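Single-structure report; data block below.
The values are calculated or read from the model by the stated rules, or taken from the named source; none is laboratory data. Note that the structure is a prediction, hence the values are computed from the model and not measured. All Cβ positions, even for glycine, are placed from backbone atoms using ideal geometry, and neighbour counts span all protein chains on display.
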Amino acid sequence: MFKEKVRSTISKFHLIPQGSKVLVALSGGPDSVALLLVLLELQKELNLKLGAVHVNHQLRGKESLRDEEFVKELTSKLNVPLIVKRVNVKEKSKGSNVEAVARELRYKALKEALKEFKGELVALGHTSSDLLETVLLNLTKGSGIKGLRGFLPKREVFIRPLFEVSREEVERYLKEKGAEFITDSSNFSLDFERNLVRLKVVPLLKEINPKVEEAVLRSSCLLREVESFITSQIEPLISKFLKGKEAVINIKEFLKLHPLLRKELLIEISKRLSGKGLSKEKVDSLLKLSKKEGFGELHLRENLYAYKEQENLIITKEKKGKTLGFEYTVEKLPFEIETQLGKLKLLLNKGTPIASLSELSRKAIIVRSRKPKDKLKFKGFSKSLKKFLIEKKVPATLRWEIPVVEVSGEIVFIPNLYAREREVEKPFVGVEFEAKEANWRRGDRRKS
C-alpha cells in the first residue's frame, strides 16, 4: 500500500522522469529512511540511479556523529553511494535564528552534493504530516495563499515523493520492513515552534478529525489551483510593466485590477527585482503610495525603492530623487558637459542663441541643476520652475538632473522645455542638446 501510494504521487506530480539520477536527502530519521527504501523498491520500475546525501549540522555533538555513522552503515549495507556534507550552523548563526540558518545551509549543501553526484533531483522526506505542521505554523503568522498551501511536491530540483503519506503510514511501513532508523532528540524539545505544533496542537486536531492530513492535502490542492490562476492573470502584467531593473506601472490600469491581483503583482515584482517578496506592511504602504497626490517615495528594502510620479508607480533597484546638484561657470567655447539626461554644448554662432560674447567674457553664463526658488519669465508674467515642470509632466526623479542655462542671473534655456527669447547679435553663444534617450521629455519648447 505504501509503495503504491508513493508511486501514485510520483506519477500524479511528474516528480521523477524515467532514467533520472536521484539523490536522497538522508538524515537517518524514519521519513528519510522510508524514502530511500521505497525508492529502492521502485528503482527498476523507474530506471533510477540512486545516491544519498547526509548533511551533518554539527549541532548535537556526539548525537550528530552517531547520525552520520548510522547513515554510512545503512548506505553501505544497501550498496547506495553516499555523500556527506558538514555545515557549521553554530558559527554561522551565532546562536540566533538557528532553525533558519540550518535550513539555508542544508539546502545549499544539498545542491552542492547534487552537482557532485551529477544528478537531476534531490528527494526530500517531507510527508503530509509535515505539510500539516507547516500550514498551521504559517496560519499563526498571518500567511497568504502560498503559506496556506504549504510546500510543493516539486520545487526546482527538490522533489517530495512522500507528499501524500502521513507519518503514521511511514512508521507502519518501516515496521513491516523491519527497518532501523534513528531519532533526533531535538524533535521532542518544546523550544522549537514546529515541535510545539507537532506534539501539542496536532493531537488535539486529530480528536476532531483523525484524517486531518488528508483534509489539509485537499485544501493545499485547491490553493495551488487558485495560485495557478492568479499567476496566469499576473504574468501578462509582469511582461507589460517590468522592464529590466525597473517596473513602471500605470496607476489607472493598476487601480482597475482586483485588490488581490494588485497585492500579488507588487509582491511578484519585488521577487523578480530583489529575490524577496514584501511584507503585508510594505504592500499596504505601496498601495497607499499609488493613491497619493503628487510625488511620493518609499524605501522597500536595501536596493529596492518605489516612487509615485505623475501617472506611474515605479519600483526600481536604483535610488533616485534629489542629487547633490551641479554648477559650472562657462569661460570659453566650445563648452560641453555630460549630464544624466544627455550632452549639452555651448558653441560659437551655432545652435539656439542665448547670450552675447561679452556676457561670456563677464563669466555671466552658468550651466547648473535647478534650485528651489528658480523662476521662469514669460511675456507679461513669471512662473516658478517647479510649477512649470509639474505642468510639463516632468517626473520628479528627473527634475534635479535637468541642466539649466542661466545668463546674467536669469534662466534662458532648459533642453526640450524652455528657451527665453533674447536680443542677441553675432557673434553669439548658442546652445545644443543631445538627449541620451530620444524624447525623454514629451512636449515642445515653450517660448517666453
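Can you give me the ranges of the helices (runs of 4 or more DSSP H) entirely in segment 120-229 with at least 1 residues that are among the acidic types (Asp, Glu) and surrounded by fewer than 19 Cβ atoms within 10 Å (Cβ to Cβ)?
Counting at least 1 such residues, we get 167-177, 193-196, 202-208.
Screening the candidates ALA34, ALA109 for the property of being in contact with a Phe, Trp or Tyr (Cβ under 6 Å, 6 or more places away or on another chain), assigned by TED's automatic domain parsing to the domain that holds SER189 and assigned to a helix (DSSP H, G or I) yields one hit, ALA34. If you filter segment 279-303 down to residues that are under 17 Å from the mean Cα position of the chain (by Cα) and not in a helix (DSSP H, G or I), you find that the one that is farthest from LEU389 (Cα to Cα) is SER279. Please find, within segment 347-379, the residue that is nearest to ILE414 (Cα to Cα) out of those that are part of a loop (DSSP other than H, G, I, E, B), touching a strand residue (DSSP E or B) at 6+ places or on another chain (Cβ under 8 Å) and not charged (D, E, K, R). Taking the candidates together, the pick is SER369. Residues that are of a type outside the set (A, V, I, L, M) and at pLDDT below 85 were ranked within segment 332-347; the one that is farthest from the chain's Cα centre (by Cα) is GLU338. For segment 71-81, does any single residue satisfy the condition of being surrounded by 15 or more Cβ atoms within 10 Å (Cβ to Cβ), of a type outside the set (A, V, I, L, M) and within 35 Å of the chain's Cα centre (by Cα)? Among the residues of segment 71-81, not one is surrounded by 15 or more Cβ atoms within 10 Å (Cβ to Cβ), of a type outside the set (A, V, I, L, M) and within 35 Å of the chain's Cα centre (by Cα), which makes the answer no. Looking at GLU401, GLU421, GLU434, GLU425, just one residue is at pLDDT below 85, under 21 Å from PRO334 (Cα atoms) and out of contact with any Asp or Glu (no Cβ under 6 Å at 6 or more places or on another chain), and that residue is GLU425. Among the residues making up segment 205-247, those that are of a type outside the set (A, V, I, L, M) and over 23 Å from the mean Cα position of the chain (by Cα) are LYS206, GLU207, ASN209, PRO210, LYS211, GLU213, GLU214, ARG218, SER219, SER220, CYS221. Listed by first and then second residue, the pairs with beta-carbon distance under 6 Å, at least 6 apart or on different chains, first residue in segment 338-352 and closer than 10 Å to PHE433 by Cβ and touching a residue at least 24 places away in the same chain (Cβ under 8 Å), second of a type in the set (Val, Ile, Thr) and in a strand (DSSP E or B), are LEU344/ILE337; GLY351/VAL431; THR352/VAL431. Candidates SER64, SER93: the one that is surrounded by fewer than 17 Cβ atoms within 10 Å (Cβ to Cβ), among the polar types (S, T, N, Q) and farther than 15 Å from ALA179 by Cβ is SER64.
Looking only at segment 237-253, decide whether some residue is in a loop (DSSP other than H, G, I, E, B) and modelled with pLDDT of 90 or more. Looking through segment 237-253, none of the residues is in a loop (DSSP other than H, G, I, E, B) and modelled with pLDDT of 90 or more.
Check whether at least one residue in segment 337-346 is in a helix (DSSP H, G or I) and touching a Leu at 6+ places or on another chain (Cβ under 7 Å), and report yes or no. No, the conditions are met nowhere in segment 337-346.
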